[in-house]
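What follows is a set of notes on a single structure, which appears directly below.
The values are calculated or read from the model by the stated rules, or taken from the named source; none is laboratory data. Treat the numbers as computed from the prediction; the structure is a model and nothing was measured. For neighbour counting, all protein chains shown are included, and Cβ atoms are generated from backbone atoms with ideal geometry for every residue, glycine included.
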Number of protein chains: 12
Amino acid sequence: MKDHVYKLIELTGTSSSSVEDAVGKAIQRAHKTIKNLSWFQVVETRGNIEKGQVHRWQVTIKVGFTVEG
Amino acid sequence: MKDHVYKLIELTGTSSSSVEDAVGKAIQRAHKTIKNLSWFQVVETRGNIEKGQVHRWQVTIKVGFTVEG
Amino acid sequence: MKDHVYKLIELTGTSSSSVEDAVGKAIQRAHKTIKNLSWFQVVETRGNIEKGQVHRWQVTIKVGFTVEG
Amino acid sequence: MKDHVYKLIELTGTSSSSVEDAVGKAIQRAHKTIKNLSWFQVVETRGNIEKGQVHRWQVTIKVGFTVEG
Amino acid sequence: MKDHVYKLIELTGTSSSSVEDAVGKAIQRAHKTIKNLSWFQVVETRGNIEKGQVHRWQVTIKVGFTVEG
Amino acid sequence: MKDHVYKLIELTGTSSSSVEDAVGKAIQRAHKTIKNLSWFQVVETRGNIEKGQVHRWQVTIKVGFTVEG
Amino acid sequence: MKDHVYKLIELTGTSSSSVEDAVGKAIQRAHKTIKNLSWFQVVETRGNIEKGQVHRWQVTIKVGFTVEG
Amino acid sequence: MKDHVYKLIELTGTSSSSVEDAVGKAIQRAHKTIKNLSWFQVVETRGNIEKGQVHRWQVTIKVGFTVEG
Amino acid sequence: MKDHVYKLIELTGTSSSSVEDAVGKAIQRAHKTIKNLSWFQVVETRGNIEKGQVHRWQVTIKVGFTVEG
Amino acid sequence: MKDHVYKLIELTGTSSSSVEDAVGKAIQRAHKTIKNLSWFQVVETRGNIEKGQVHRWQVTIKVGFTVEG
Amino acid sequence: MKDHVYKLIELTGTSSSSVEDAVGKAIQRAHKTIKNLSWFQVVETRGNIEKGQVHRWQVTIKVGFTVEG
Amino acid sequence: MKDHVYKLIELTGTSSSSVEDAVGKAIQRAHKTIKNLSWFQVVETRGNIEKGQVHRWQVTIKVGFTVEG
């Protein structure tokens with residue numbers, strides 16, 4: 001088995017509904033251009049507020065994927 | 001455009017259902033006395049346990065708002 | 001009232017649906033052998049990805065419980 | 001049982017005798033205006049020195065209390 | 001000499017020109033209502049960008065002041 | 001001389017009197033079942049408050065001991 | 001309003017004059033290829049020294065921008 | 001596929017030769033009683049010195065393994 | 001001398017033999033597409049385990065290189 | 001008033017009785033050769049254990065003092 | 001080329017005007033007794049306040065230099 | 001037995017071959033002037049790159065030793 005090398009990129013996903021949805025949105029977007037996404041870790045959870053309610057969750061993640069070749 | 005100054009306060013919201021609900025509860029309560037809440041960031045996620053189940057999520061956040069004047 | 005001593009153990013719960021479910025799974029499992037679980041704190045939130053979607057949330061928590069005697 | 005919201009404030013207590021006394025001083029002072037203080041956590045322990053001796057312990061704590069209403 | 005107690009509050013000052021100006025703005029604003037501000041420490045330095053230039057520095061500080069009585 | 005392996009466990013000791021007493025209580029309790037405790041490090045110092053006074057210090061430590069065999 | 005996804009990249013700007021200039025240089029360079037830069041946060045401030053003077057400030061920042069599509 | 005729960009334990013391995021050997025020693029020892037060790041992460045690297053040479057590397061790791069049942 | 005701007009990317013190198021080899025593998029792979037790699041810093045050291053032995057070291061590094069132009 | 005420059009050194013004081021005594025011992029020792037010690041901050045609190053009791057507190061501090069001339 | 005060894009010392013520079021000036025003051029002072037200062041990194045930025053204005057910036061840095069011989 | 005006081009100094013060792021060799025080089029150099037070096041801890045691992053290979057490991061450590069008298 002080969003010694004793989006992975007690259008990690010940092011993304012912020014946003015969602016009006018939940019932490020899980022914000023992470024999912026970031027991963028779905030990355031998947032459009034990078035097919036072999038492998039794992040993620042949450043770096044920070046923030047959000048903005050409007051009229052006393054969470055308007056949008058902003059979850060920053062690192063996403064790792066295998067570098068080919 | 002003016003150079004605003006913001007104040008940050010730290011709150012712990014609690015909820016028996018979810019992280020999102022605990023954060024929402026803290027923000028709703030702060031909104032009763034501070035109208036211009038602008039953003040938040042999650043500082044810590046804890047909880048207490050009863051009978052092998054999460055009884056209450058305790059999520060500590062910093063909330064920022066514009067200082068008038 | 002007695003000065004209690006508590007022990008903390010570290011667990012990673014996994015779930016295909018949510019952070020809350022992953023934490024709940026870890027606590028339910030620990031409860032099988034330790035009856036007086038008292039509180040938890042989230043240490044890290046990660047996950048693995050398959051086909052551009054979160055396949056499994058992996059949430060690491062510390063769980064505290066009273067040491068008897 | 002209700003989902004409480006807590007506020008955390010940050011204080012530095014000082015004492016010429018001990019860490020415990022510095023924390024106690026900060027809590028006693030806060031108690032004059034806030035009756036339902038619930039818990040604290042130590043953030044930082046510092047002090048100033050005079051003539052080769054600790055002159056004053058300076059212990060910074062976060063104090064949490066229930067927000068009514 | 002008395003054992004003082006200090007309170008710390010967290011503020012974000014903003015400025016289009018510099019880190020120092022953003023901190024100064026936050027302290028000047030706080031001084032309007034709290035006369036005995038004593039020291040500060042920088043917690044975070046951020047900013048927003050417009051047209052490839054820093055539009056506004058956002059510097060978050062903790063400010064400490066003596067609690068009277 | 002052999003290359004030892006050590007295990008670290010995490011405990012929270014509590015005491016109404018001092019940080020030192022809380023740590024001592026945790027170590028005494030662990031000593032009941034583990035005889036070769038070797039060192040500790042303080043992870044966190046917290047406490048709960050009643051009537052404007054520290055009611056109980058809660059000091060979390062990691063304790064290391066030699067794994068036999 | 002759409003749920004945006006942002007990407008964060010990490011850059012080190014350098015300048016012989018100031019922290020602000022080093023950050024500005026990094027952002028101007030990034031702006032050549034990425035038009036919608038939105039915010040930054042300072043990660044680390046270092047520098048090299050020649051003849052007892054700061055020769056070059058090296059400020060590492062994370063820069064966030066909207067991912068189109 | 002089932003939602004596994006993992007436990008993490010903390011160990012310090014020691015070796016007079018290298019970081020890798022110290023980690024290997026800790027894992028080999030743990031493997032004597034726990035068969036399904038799955039991953040580790042390095043927490044801290046220390047050592048003691050004798051006569052101006054590293055006498056023993058002390059590497060603290062967290063080791064994760066599946067909790068059966 | 002010009003004020004350079006550097007970019008930092010994050011990579012995880014893997015190796016069955018050592019930390020140094022895992023770092024070397026990540027840098028060699030990056031060098032295939034980026035010729036002016038300048039420095040690195042270790043962010044995290046992890047690994048997976050098989051049959052009570054380290055099967056593969058996973059070392060995450062940040063790598064910096066000059067941005068041309 | 002002049003712009004002072006301060007130097008910080010790191011010391012570990014030890015004591016069989018308390019955290020305060022360990023800090024005091026370190027400062028007294030430093031005072032033998034450096035007369036203008038000004039402030040300290042606690043970096044880490046550890047200790048060794050003998051027969052289920054804290055044998056010696058080991059408190060690491062940074063101590064700051066004015067650099068003359 | 002030889003494998004150099006570097007020493008790092010920690011200094012706090014102060015200035016009534018700016019962060020850059022405070023760092024410069026600390027480095028100039030160190031340069032009086034240590035000629036081969038090579039690099040620095042900012043550890044902490046604080047200051048004291050008088051009459052609602054920053055009175056003195058206090059910037060703590062680590063400074064590295066080659067150890068001869 | 002006496003309550004010892006220890007001093008910690010920070011050094012960066014460099015080596016073209018390994019982490020262990022870089023640490024060893026720093027300790028050997030310190031041993032030339034300080035005979036009672038007792039322990040070390042790794043603070044940071046970095047390095048510079050030439051032609052797609054690690055050219056020199058740079059490992060920063062804190063080294064502790066007993067202060068006599």
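The table that follows gives values for the structure above.
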item: Every residue from segment G:1-27 that is part of a helix (DSSP H, G or I) and farther than 21 Å from residue I:63 by Cα; result: G:19, G:20, G:21, G:24
item: Those residues of segment I:1-31 which are more than 22 Å from residue I:53 (Cβ to Cβ) and polar (S, T, N, Q), in sequence order; result: I:28
item: Filter result (part of a strand (DSSP E or B), of a type in the set (S, T, N, Q) and farther than 22 Å from residue H:14 by Cα) within segment F:31-68; result: F:45, F:48, F:53, F:58, F:60
item: Scope segment F:29-51; condition among the β-branched types (Val, Ile, Thr) and more than 14 Å from residue C:7 (Cβ to Cβ); matching residues; result: F:42, F:45, F:49
item: Single match in C:22, C:26 (criterion: under 10 Å from the mean Cα position of the chain (by Cα) and within 13 Å of residue H:7 (Cβ to Cβ)); result: C:26
item: Residue among A:61, A:34, A:49 that alone is in contact with a Ser or Thr (Cβ under 9 Å, 6 or more places away or on another chain), within 27 Å of residue I:22 (Cβ to Cβ), of a type outside the set (D, E, K, R) and at pLDDT 95 or above; result: A:61
item: Segment A:29-51: number of residues that are more than 11 Å from the chain's Cα centre (by Cα), within 29 Å of residue A:68 (Cβ to Cβ) and not small (Gly, Ala, Ser); result: 5
item: Some residue of segment G:38-56 being touching a helix residue (DSSP H, G or I) at 6+ places or on another chain (Cβ under 9 Å), surrounded by 21 or more Cβ atoms within 10 Å (Cβ to Cβ) and over 30 Å from residue K:29 (Cβ atoms); result: yes
item: Condition check for residue J:69: surrounded by 21 or more Cβ atoms within 10 Å (Cβ to Cβ) and in contact with a Lys or Arg (Cβ under 8 Å, 6 or more places away or on another chain); result: no
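Conditions tested, residue by residue: (1) among the hydrophobic types (A, V, I, L, M, F, W, C); (2) within 11 Å of chain E (Cβ to nearest Cβ); (3) in contact (Cβ under 8 Å) with a residue 24 or more places away in the chain.
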{"residue": "G:3", "(1), (2), (3)": "no, no, no"}
{"residue": "G:11", "(1), (2), (3)": "yes, no, yes"}
{"residue": "G:16", "(1), (2), (3)": "no, no, yes"}
{"residue": "G:26", "(1), (2), (3)": "yes, yes, yes"}
{"residue": "G:33", "(1), (2), (3)": "no, yes, no"}
{"residue": "G:37", "(1), (2), (3)": "yes, yes, yes"}
{"residue": "G:40", "(1), (2), (3)": "yes, yes, yes"}
{"residue": "G:55", "(1), (2), (3)": "no, no, yes"}
{"residue": "G:63", "(1), (2), (3)": "yes, yes, yes"}
